[in-house]
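Comments concern the structure below.
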Amino acid sequence: MKILVDNLENLLLRQLYNYWLEIDENAILRHIPEALDLIEKNYSGMPNRRLCDGKEVIFSPYMSVQWMNFLYRLSHVLFLNGEDTSADQVYYLNKIMHGNDWFYAIELPVHFHCEHPLCSVLGRAQYGDYFFIYQGTTVGGNRKKGQLYYPKIGENVLLYANATVLGDTHIGNNVIIAADTFLINEIVPDNCIVFGKSPDIRIKVKSEKEIKEYTQHIWGEMVMMNILFTICGRAGSKGFRNKNLKKMNSVPLAFYTLAAVKGYADKHSENIIRVAVNTDSEPLKELFQAQTQVEIEFVDRKEELAGDVVPKVAVIQDTYRQMKSTNPDVVVDLDITSPYRRICDIENIVSGFVSGDYDIIFSVVESRRSPYFNMVERKPNGYYKKICKSNFTARQQAPKCYELNASIYAYNPSFLDRSIEKTILDYNCGVSIMPDYLVLDIDSEEDFEMMQYLHEVYCKRDAGLNEVYLIAKKILRSI
């Protein structure tokens, strides 16, 4: 990504110090790369040459629609990582500078854009991908019969000036909401233009092609993908027996993975989604077969791939080869024992795969320690020294490092067609950054107990995690 300013970090800090005497510079600087990663995915492939020149994204802090999007992304990332004070400060900076109210707790989609968005209010709602707004637009909750409801907005929805969407309103995919339209507790179907004010609204039915042609100048060609999701779980586990069958907060771990797939599929109806489960565990297979929410194809685990030292990529490769006739554009593997996964995390990694040229792209978190600064190893002489030789005196001076969180891997099918003789990290890799509290993995009973406790806490503050939890409970009820 081409950033049209020499020192973005200093620019942001100067803006913040205009309004606050104290800010946590380390927290803000630590999470800027993740926000920039989201910005790059946001604008990648857009036809507007001020935003993307056809090869790379162009990001300018002096283009207000980009800077306000960046400030929202940064405040959201800070919030997800528990930096509430910093999230507040960045959120209010955005509000002061641009006259908008995009609360950091909401989850805007991977692809979001706006034009003249003064006085826009984006409150709690479920937002589909490819969402576009103009000035004066409002999205938020409303009480109905004493209960608070929030809108659900599909993919490729455009809100013109002063459009309002409130309460228990469900908007389908490929919908244009005309200027000054007011919707409250309405059902709007796919492929249409909406006019008027509730309860007297008019719906003009259009074809999907007509709506997409209308919004093509914003998004370009929306990519339709054939995605193969793989879920691999073997019967034996020496470290933590039967961990794939555990229940977290009364829901099987396996259903959190299915819930993430279902949530992604529901939001991306333009894509072809297939799910393949590779297992030699009969109880796990029976658990997957009992639910009715997600269609699954089963691949038997070969005996030579069932050992505890077999690299997982070999199992994924075998699963792909048995499913190769489906011609997937990408193979996305989701680990059963990494349930802290949001739908937007899958969206980010798929978007990163599309915009890059990788053999594999995987989810990571920013490393809390650095092999250049405060990580050591035992050297041949018996002494312990830094892993990577350096003269850095502060961690911030060292190169940015990331650690894999074993949650999401997106493989290029051409890579899986080859003979894989090295570890996956020795090939052409890309990364997709997730919030660092999601690094938790389950390798012991203690890990599981800690994750189960924290899951309740995080679901209260992270709408994305809670969304997956609710879908997982729905899958459980289908048994």
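Table: residues versus (1) touching a Lys or Arg at 6+ places or on another chain (Cβ under 7 Å); (2) in a helix (DSSP H, G or I); (3) over 25 Å from L38 (Cα atoms).
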{"site": "F298", "(1), (2), (3)": "yes, no, yes"}
{"site": "Y340", "(1), (2), (3)": "no, no, no"}
{"site": "G352", "(1), (2), (3)": "yes, yes, no"}
{"site": "D357", "(1), (2), (3)": "no, no, no"}
{"site": "N381", "(1), (2), (3)": "no, no, yes"}
{"site": "K385", "(1), (2), (3)": "yes, no, yes"}
{"site": "S390", "(1), (2), (3)": "no, no, yes"}
{"site": "K400", "(1), (2), (3)": "no, no, no"}
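Condition check ((1) at pLDDT 95 or above; (2) not in a loop (DSSP other than H, G, I, E, B)) across all residues:
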| site | (1), (2) |
| --- | --- |
| F79 | no, yes |
| Q89 | yes, yes |
| I96 | yes, yes |
| P109 | no, no |
| H113 | yes, yes |
| H116 | no, no |
| Q135 | yes, no |
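Give the residue that is farthest from the chain's Cα centre (by Cα), with candidates limited to residues of the range 152-195 that are closer than 18 Å to I106 by Cβ and part of a loop (DSSP other than H, G, I, E, B). Across the range 152-195, the extreme among qualifying residues is A163. Here the condition is being assigned by TED's automatic domain parsing to the domain that holds K144 and either assigned to a loop (DSSP other than H, G, I, E, B) or surrounded by fewer than 16 Cβ atoms within 10 Å (Cβ to Cβ) (or both); of I203, I211, it holds for I203 alone.
Number of residues in the range 428-454 that are modelled with pLDDT of 85 or more, in contact with a helix residue (DSSP H, G or I) (Cβ under 9 Å, 6 or more places away or on another chain) and farther than 26 Å from N42 by Cα equals 2. Please verify whether the range 393-402 includes one or more residues that are touching a residue at least 60 places away in the same chain (Cβ under 8 Å) and in contact with an Asp or Glu (Cβ under 8 Å, 6 or more places away or on another chain). Within the range 393-402, one or more residues are touching a residue at least 60 places away in the same chain (Cβ under 8 Å) and in contact with an Asp or Glu (Cβ under 8 Å, 6 or more places away or on another chain).
Residues that are in the same structural domain as F255 (by TED's automatic domain parsing), free of Cβ contacts under 8 Å to residues at least 24 places away in the same chain and not in a helix (DSSP H, G or I) are absent from the range 434-442 altogether.
Of the residues Y17, Y62, the single one that is closer than 20 Å to W102 by Cα and modelled with pLDDT of 90 or more is Y62. Residues of the range 337-359 include at least one that is touching a helix residue (DSSP H, G or I) at 6+ places or on another chain (Cβ under 9 Å) and of a type in the set (F, W, Y).
Across the range 409-426, the number of residues qualifying as surrounded by fewer than 16 Cβ atoms within 10 Å (Cβ to Cβ) and either outside any helix (DSSP H, G or I) or touching a Cys at 6+ places or on another chain (Cβ under 7 Å) (or both) comes to 6. When we screen D318, D333, D308 for residues that are farther than 30 Å from N26 by Cβ, among the charged types (D, E, K, R) and assigned to a loop (DSSP other than H, G, I, E, B), the only hit is D308.
Considering the conditions (1) in contact (Cβ under 8 Å) with a residue 12 or more places away in the chain; (2) in a loop (DSSP other than H, G, I, E, B), L21 is excluded by exactly one of them, (1). In the range 347-376, the qualifying residues are those that are closer than 22 Å to G464 by Cβ and hydroxyl-bearing (S, T, Y), and the one that is surrounded by the most Cβ atoms within 10 Å (Cβ to Cβ) is S363.
The values are calculated or read from the model by the stated rules, or taken from the named source; none is laboratory data. These numbers come from a predicted model, not from an experiment. No Cβ is skipped: glycine too gets one built from the backbone with ideal geometry, and neighbour counts run over all protein chains shown.
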